[in-house]
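K.L.:
Shown below is the structure under consideration.
The values are calculated or read from the model by the stated rules, or taken from the named source; none is laboratory data. Because the structure is a prediction, the values reported are computed rather than measured. Note: ideal-geometry Cβ built from the backbone for every residue, glycine included; neighbour counts use all protein chains shown.
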Amino acid sequence: LWSQIYTPQLLQEFKAKLDQAEKITAGNPDALKRVRFMRENLFAPIFAQAAAHDREQAAIASWQVSVPGQVQLRPFKGEVTEVGTTVTIADTPAALQITFQCQEPAIDKMVRKAKSRDANNIFLDSCVEVLINPSADRIHYYHFIVNADGVLYDSRMASNDPGLDLSWNSAATAQAQIGKDSWQVVLTLPKADLGPLSPDGVPVNFARHRALDPVVPENYYQWSPVAGRSFHATERWGRMILPR
C-alpha cells in the first residue's frame, strides 16, 4: 500500500496540490472551505496513516539483538505486561540455543495438553515460539513451538503460501522445567537444519502464549516492536545479529 500505491512521491504531490488549491481559492471563502474540508476529511487520514507506517518501519529497522544477547517480550496487543518473559540467545559452532524464562504466578492453572511431537493444538497450551527466517528474504521461515512440558513442534513455512510443511522435521531438541512461580524452556536449533544464516541479520520473532484456565486478559507476548495480525507477520520481525 505505502510502497506501490500511496508512495512518498504521490503523497507529496497531494500536499502540493492542496496547498496550491488553497492559494487559488484564498479570495473565495466558499471554495476555500471546500478545499480545506477535503484536506481534513479525505487526505489527512491518509497522511496520518502514512506517518504511522513510517514510524513502524523505523522501529523495525532498528529492532535487533546481538548474539549472545537477551530480550524481553512485550504484550502482543495490550500495554500491561502481567508476567515477564526473558529470552536469551547463545551461539555455538553447531547450533543456536534459545532459552525462555517465563514468570508464572499461576503454575497450577497452566494449560498443558499436547503430549506428542507436532501436535496440532500445541499452540493452545502454555508455550513459547521461535519463528526464524535464516535467509532474510522475509518469506521462507521455520516455526518452532515448545510447551511447558517440553513437547516440540516444528514446521517449514512461507509467508506467500497459506500452507505449511509439517512433514519437515528438524533435529532440534527442547528441555522444559517447571518451578514454583516460573517455567523455563531451552530450545537448541542445529544450524544444519536452518541452512545459511544471513550475515546482515536474521529476521526472527520470539513469542509466548500464556494459556491458563480460566483465561487471563493479556495472554500473548512477542518480541516484535509492532503489534501485528499474528506472530507470523514476517515484515514486522526484528533481526538477530550473529557473530561474523
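Here's the yes/no breakdown for (1) over 24 Å from D161 (Cα atoms); (2) surrounded by fewer than 18 Cβ atoms within 10 Å (Cβ to Cβ):
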residue: G179; (1), (2): yes, yes
residue: W183; (1), (2): yes, no
residue: L189; (1), (2): no, no
residue: S198; (1), (2): no, yes
residue: P203; (1), (2): no, no
residue: V216; (1), (2): yes, yes
residue: W223; (1), (2): no, no
residue: S230; (1), (2): no, yes
residue: G238; (1), (2): no, no
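K.L.:
Follow-up. Limited to the range 157-198, what total is found for residues that are at pLDDT 95 or above and outside any helix (DSSP H, G or I)?
P.N.:
Number of matching residues: 25.
K.L.:
Further question: Among the candidates D149, D154, which residue alone is of a type in the set (D, E, K, R) and either surrounded by fewer than 21 Cβ atoms within 10 Å (Cβ to Cβ) or in a loop (DSSP other than H, G, I, E, B) (or both)?
P.N.:
Checking each option against the conditions leaves just D149.
K.L.:
Restricting the first residue to the range 181-203 and requiring it to be in the same structural domain as M110 (by TED's automatic domain parsing) and closer than 20 Å to F100 by Cβ, which pairs with a second residue that is among the hydroxyl-bearing types (S, T, Y) and surrounded by 14 or more Cβ atoms within 10 Å (Cβ to Cβ) meet a Cβ separation below 6 Å and a spacing of at least six or different chains?
P.N.:
Correct list of pairs: V186/T99; T188/T173; D193/S170.
K.L.:
Residue by residue through the range 90-111, note down the ones that are more than 27 Å from S66 (Cα to Cα) and surrounded by fewer than 14 Cβ atoms within 10 Å (Cβ to Cβ).
P.N.:
Of everything in the range 90-111, those that are more than 27 Å from S66 (Cα to Cα) and surrounded by fewer than 14 Cβ atoms within 10 Å (Cβ to Cβ) turn out to be P105, D108.
K.L.:
If you don't mind, there's one more thing I want to ask. Say we look at the range 205-214 and pick out the residues that are in a loop (DSSP other than H, G, I, E, B) and in contact with a strand residue (DSSP E or B) (Cβ under 9 Å, 6 or more places away or on another chain); which of these is surrounded by the fewest Cβ atoms within 10 Å (Cβ to Cβ)?
P.N.:
So, considering only residues that are in a loop (DSSP other than H, G, I, E, B) and in contact with a strand residue (DSSP E or B) (Cβ under 9 Å, 6 or more places away or on another chain), the one surrounded by the fewest Cβ atoms within 10 Å (Cβ to Cβ) is D213.
K.L.:
Scan V128, V83 and give me the residue that is surrounded by 17 or more Cβ atoms within 10 Å (Cβ to Cβ), in the same structural domain as P214 (by TED's automatic domain parsing) and either in contact with a Gly (Cβ under 7 Å, 6 or more places away or on another chain) or not in a loop (DSSP other than H, G, I, E, B) (or both).
P.N.:
Going through V128, V83 in turn, the sole match is V128.
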